[in-house]
Amino acid sequence: MNDRRRALPSVDRLLHEPEVQTLLAAAPRAAVVTAIREALDAARTRRAGPPEDWATDIRERLAERRRPGLRPVLNATGVVVHTNLGRAPLAESAVQAMTAIAAGYSNLEFDLDTGTRGSRTDHCRELLRRVTGAPDALVVNNAAGALVLALNALAAGRDVLISRGELIEIGGSFRIPDIMTRSGARLREVGTTNRTHLDDYRQALDGDVAAMLTVHRSNFAQVGFVASPEPAALAALAVEAEVPYLHDVGSGLLADLAPWGLTSEPRVADALAAGAGLVLFSGDKLLGGPQAGCVVGGSALVARCRDNPLARAMRADKLTLAALGATLALYEDADTSVREIPVLRMLTLAAAELEQRATRLAAECPSVLGPTLVPGESAVGGGSFPNAALPTTLVALDAGALGPDGLALRLRLGDPPVIARVSAGRVLLDPRTLPDDAAPHIGRALAQALLA
């Protein structure tokens with residue numbers, strides 16, 4: 001019995017194939033050679049032996065090697081702040097600001113007035129003060145880092161009071177108790193899982209307590225026999241005890257979304273108005289900017305964070321500062337922020353607009369999939385508004401012999417990848433989280449998936 005694998009061509013022979021020669025004109029020789037070696041190794045181990053066409057196999061391997069690991073995708077899930085898909089898409093002005101700064105040098109740590117060294121902490125400071133009403137502000141690289149920094153600066157080696165009901169786990173299995181321990185602060189639990197009273201905090205106050213902390217339970221809701229002190233009461237107690245009160249509000253909500261029925265998330269301004277000494281929040285969730293951790297509050301407390309050695313380890317880079325600054329500038333006018341910041345625009349889309357988008361999307365889908373409009377719900381995502389249901393109009397597809405999971409897989413492996421929902425035996429597309437011009441792209445992706 002002849003084994004085709006015994007007569008495999010050499011690397012040199014394949015390099016001289018005409019179609020492989022064309023690849024050498026567009027790609028480095030080393031990359032083409034690596035793709036050839038991979039093709040030969042696969043042929044040796046594959047039971048079926050060599051590929052039908054060496055040049056095609058090598059071309060596909062070369063393309064796969066050159067494809068970037070981080071790629072744009074079309075989000076048809078309806079989850080607005082989708083952590084696995086990069087959370088908040090940036091406003092156009094934020095993208096332009098990043099591009100301008102990335103393309104050359106900048107005054108990141110240079111004072112243009114004096115011609116001397118400046119500080120990167122100055123760049124978003126004034127904007128954060130204006131849009132939150134805080135006396136001072138600091139930006140670091142992420143919200144968990146902001147919490148670690150604040151606790152280390154204010155309570156290293158001492159106790160921090162926190163309700164047992166707020167010892168939560170956030171995304172990626174990170175837990176608040178672990179974060180607090182890493183900060184050097186000592187966790188002291190008060191109250192119970194479901195009910196914590198002001199007196200629980202008062203009775204725990206002693207000379208070794210350095211701070212009081214509230215962590216918003218943003219990714220779940222407690223209902224039933226539950227109780228928690230109001231932030232204003234905790235702030236007053238902290239003043240009485242002469243310890244700082246820290247409020248981690250999580251999602252960084254700056255806009256008032258009550259007109260659209262979204263009311264369960266604390267706004268940054270409200271936490272400050274309640275008397276918190278420091279308010280901590282993310283930049284890439286409901287704020288709608290890049291990944292960042294924001295610390296706003298009293299000047300003396302923020303200064304202690306800014307002067308802490310960990311602040312350098314957690315400092316934000318120039319692209320983050322550029323994008324965050326451009327995003328914060330949009331908040332200086334409420335109507336502009338809702339119109340220009342993608343997260344806010346998606347959360348506030350009217351039902352009629354969603355139905356029109358779904359109709360346009362269905363018209364682009366291959367008829368063999370039987371696209372049908374059905375009512376459904378979108379999600380805010382990102383651990384925000386966990387109980388909120390956003391009514392939407394979905395496009396439901398019948399995947400036929402492929403099956404819904406098979407069609408969803410082919411969509412994910414397409415170019416660009418399309419991320420859809422699968423439910424009740426159908427593939428579902430939610431127009432809420434798709435760009436305005438996405439319908440033709442989705443149609444082409446579906447057509448290609450059916451051919452694959």
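Quote to one decimal, in nm, the extra length available between THR263 and ARG312 on full extension: 0.36 nm per residue of separation minus the C-alpha distance between them.
Gain on stretching THR263 to ARG312: 14.1 nm.
Using only Cα atoms, locate the centre of the stretch 398-435 and the centre of the stretch 83-115, then give the distance between them in Å, rounded to an integer.
The stretch 398-435 and the stretch 83-115 have Cα centres separated by 34 Å.
Can you compute the modelled spin-label distance between PHE225 and ARG37, with each label point 7 Å from Cα toward Cβ, in nm?
6.8
Label points 7 Å out from Cα along the Cβ direction at GLU60 and ASP178: separation in nm?
According to this spin-label approximation, the distance is 4.0 nm.
Once both labels are modelled 7 Å past Cα along the beta-carbon direction, what's the ASP206-THR114 spacing in nm?
4.6
Ignoring everything except DSSP H segments at least 4 long, calculate the 222 nm mean residue ellipticity for the chain; use -39,500 (n - 2.57) per segment, divide by total residues, nearest 500.
-11500 deg cm²/dmol
For Kirkwood radius over Cα pairs in Å, the choices are (1) 25.2; (2) 23.4; (3) 22.1; which was calculated from the structure?
So the calculated entry is the one marked (1).
Rounded to the nearest 5, what % of DSSP beta bridges with both residues in the chain are antiparallel?
If I count the DSSP bridges inside the chain, around 55 percent turn out antiparallel.
Looking at the stretch 92-340 only, what percent of DSSP beta bridges run antiparallel? Nearest 5 please.
Counting only bridges with both partners in the stretch 92-340, antiparallel ones make up about 45 percent.
Which value, in nm² and rounded to one decimal, describes the direction-averaged projected area of the C-alpha convex hull of the stretch 11-66?
With the hull built on Cα positions only, its mean projection is 3.5 nm².
Using Cα pairs closer than 8 Å and at least 6 residues apart in sequence, work out the relative contact order for the stretch 92-340, in percent.
Once divided by the residue count of the stretch 92-340, the mean separation gives 27 percent.
Over the C-alpha atoms of the stretch 148-207, what are the Rg and the largest Cα-to-Cα span, Dmax, in Å?
11.9, 35
If contacts are Cα pairs under 8 angstrom and at least 6 residues apart, what is the relative contact order of the stretch 11-66 in percent?
38
Here, each number is a calculation from the coordinates, and none is a lab measurement. Model, not experiment: these values are computed from the prediction. Don't worry about glycine lacking a Cβ; one is built from the backbone with ideal geometry, like all the others, and counts go over all protein chains shown.
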